[in-house]
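**Student:** The structure under discussion is supplied below as structure tokens; questions concerning it will follow.
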Amino acid sequence: EHRSEQKRSSKERKNGLEETICSARIRENIARPGRADLYNPRAGRISTVNSLTLPILRRLRLSAEYVHLYRVCIVLII
């Protein structure tokens, strides 16, 4: 009986971790204008996502950036 309780408790611990991972947020729309990290009305906007804003990226060791520059700005820079 003691062994069955140990097995059950170890399964519960594993299940808790799995539930945490399964319920973690894994999607983020970084193209949404209201979500921009940097915004300049004449140049455009930049959005970044890293492991702080999207925890699943920590396991994958990734980050992402979305850059939307206005065409007028690009012409002026060149």
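**Student:** If you add up the charges near residue 70, with Lys and Arg at +1 and Asp and Glu at -1, over every other residue whose beta carbon is less than 15 angstrom from its beta carbon, what do you get? Spell out each step's value before the answer.
**Tutor:** Working: positive: 42, 45, 71; negative: none.
That works out to +3.
**Student:** Still on this model: Starting from the 7 Å offset along Cα-to-Cβ, what nm value, one decimal, do you get for the label separation of residue 42 and residue 62?
**Tutor:** Output for this residue pair reads 3.6 nm.
**Student:** Tally Lys and Arg at +1 and Asp and Glu at -1 over the other residues with C-beta under 15 Å from the C-beta of residue 52: what net charge comes out? Could the numbers behind the result be given before it?
**Tutor:** Numbers: positive: 25, 35, 58, 59, 61; negative: 28, 37, 65.
Overall, the nearby charge balance is +2.
No value in this document is a laboratory result; all are computed from the given coordinates. Please read these numbers as outputs of a predicted model, since none were measured by experiment. As a convention, Cβ positions derive from the backbone with ideal geometry for all residues, glycine included, and neighbour counts pool all protein chains shown.
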